[in-house]
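The values are calculated or read from the model by the stated rules, or taken from the named source; none is laboratory data. Keep in mind that this is a model prediction, so the values were computed, not measured. Cβ atoms come from the backbone with ideal geometry, glycine included; neighbour counts cover every protein chain shown. Please note that ligands, DNA and RNA were not included when accessible areas were found on the heavy atoms of the full protein model with its side chains. Shrake-Rupley method; radii C 1.70, N 1.55, O 1.52, S 1.80 Å.
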Amino acid sequence: MIDRRTILTGMLAAGGLSALPLRTALAHEPSPEEVFADPAAPVLGNPEGDVTVVEYFDFQCTYCKRDYPMIRDVVAKDGNVKLVMKDWPIFGPVSVYAAQAVQGAAALGDYETALDALMRANTRLSHEKVEEILTDAGLDFDAIAASVSKNQDAIGALLDRNYHQAEAFQFNGTPSFVIGRTVYPGVLDRALLEEAIAKARAA
């Protein structure tokens with residue numbers, strides 16, 4: 001149903017805050033506009049927020065899934081943060097399948113439902129499990145499959161852009177973040193995330 005893509009194996013970044021200046025990371029490409037304002041990248045939170053948090057994530061990343069509710073809560077309680085979600089499927093074909101399916105759902109206006117279902121699923125993903133989870137969330141997987149087929153080039157281009165951005169930032173794995181003018185290649189707990197948002201707001 002969904003074409004497989006070749007993915008380089010990534011290593012999970014599991015701790016330690018290591019912030020790098022954005023201007024250094026973007027010495028060649030991508031541009032800040034590509035990172036913060038890619039029109040194809042899904043946006044949650046406040047689209048007009050005064051701080052933008054960009055998260056590079058994988059649907060099979062244990063830390064991404066563990067921290068997803070916390071990140072959504074921080075963004076919601078702040079009320080003035082734009083959260084840009086960047087699929088970076090580095091854990092193999094199932095991750096790619098999940099990313100493509102959710103982007104297919106996004107084209108149908110169901111991004112948040114699909115994202116939420118997969119990120120909150122406490123189970124090991126497989127192709128069949130992705131379909132089951134999205135169906136159980138009330139989504140029509142046949143419609144998602146048709147959407148992926150129809151938007152295959154656009155979805156592939158988005159995943160390529162996300163991959164090249166993560167590569168340019170020299171991220172080792174997921175989750176990784178860009179917040180304001182700083183990149184954070186690794187896990188952020190609530191306190192560190194709130195601190196990074198405050199730092200970006202004060203800049």
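Hey, can you grab everything whose amide H is under 5 Å from the amide H of Leu83? Only 5+ residues off in sequence or another chain; H modelled, so Pro and N-termini drop out.
Amide H to amide H, under 5 Å and 5 or more residues apart or across chains, Leu83 pairs with Leu44, Gly45, Asn46, Val53.
Within the chain, how many Lys pairs sit with Cα atoms under 26 Å apart, leaving out pairs fewer than 8 places apart on the same chain?
Within the chain, the lysine pair count is 12.
Can you give the calculated 222 nm mean residue ellipticity of the chain, where each DSSP H run of n ≥ 4 adds -39,500 (n - 2.57) and the sum is split over every residue, rounded to the nearest 500 deg cm²/dmol? Provide the component values of the computation, followed by the final result.
On the way: 9 runs with 100 residues, N = 203.
Rounded to the nearest 500, it is -15000 deg cm²/dmol.
On a 0 to 90° scale, report how tilted helix 62-78 is relative to the longest principal axis of the chain, with both axes built from alpha carbons and the result rounded to the nearest 10.
Result, in degrees: 60.
Distance from a point 7 Å along Cα→Cβ of Ala143 to each backbone N in segment 99-131: keep the residues under 17 Å and list them by number.
Residues 101-117, 131 fall inside that zone.
Please list Asp50, Asp142 in order of solvent-accessible area, largest first, computed with a 1.4 Å probe with all protein chains present.
Details: Asp50 85, Asp142 125 Å².
Sorted descending by solvent-accessible area, the residues read Asp142, Asp50.
Take every Cα-Cα pair in segment 92-200 and report what % of them are more than 20 Å apart.
51 percent
Can you compute the modelled spin-label distance between Asp136 and Glu34, with each label point 7 Å from Cα toward Cβ, in nm?
Using points 7 Å along Cα→Cβ, the separation is 3.9 nm.
For the Cα atoms of the chain, what angle does the longest principal axis make with the long axis of helix 190-202, in degrees from 0 to 90, nearest 10?
60 degrees
Rounding to the nearest 10 and keeping the result within 0 to 90°, find how far the Cα-based axis of helix 141-150 lies from the longest principal axis of the chain.
For 141-150 against the chain, the angle is about 70 degrees.
At Asp153 and Lys199, where each label point lies 7 Å from the Cα along Cα→Cβ, what is the point-to-point distance in nanometres?
Spacing of the two 7 Å Cα→Cβ label points: 4.1 nm.
For every other residue with a beta carbon closer than 11 angstrom to the beta carbon of Lys82, add +1 if it is Lys or Arg and -1 if Asp or Glu, then tell me the sum. Before the final figure, lay out each step's value.
Values: positive: none; negative: Glu48, Asp50, Asp78.
Taking every other residue near Lys82 into account, the sum is -3.
Please compute the net charge surrounding Leu193, taking Lys and Arg as +1 and Asp and Glu as -1 over other residues with Cβ under 12 Å from its Cβ.
Charge balance in the 12 Å sphere: -3.
Based on Cβ point charges of +1 for Lys and Arg and -1 for Asp and Glu, what charge dipole magnitude is obtained for the chain about its Cα centre, in debye rounded to the nearest 20?
For the chain, the charge dipole is close to 560 debye.
Arranged from highest to lowest average of other beta-carbon atoms within 10 Å per residue, in what order do the peptides 127-133, 170-176, 112-118 appear?
Working: 127-133: 17.1, 170-176: 22.3, 112-118: 19.9.
In decreasing order of mean packing, 127-133, 170-176, 112-118 become 170-176, 112-118, 127-133.
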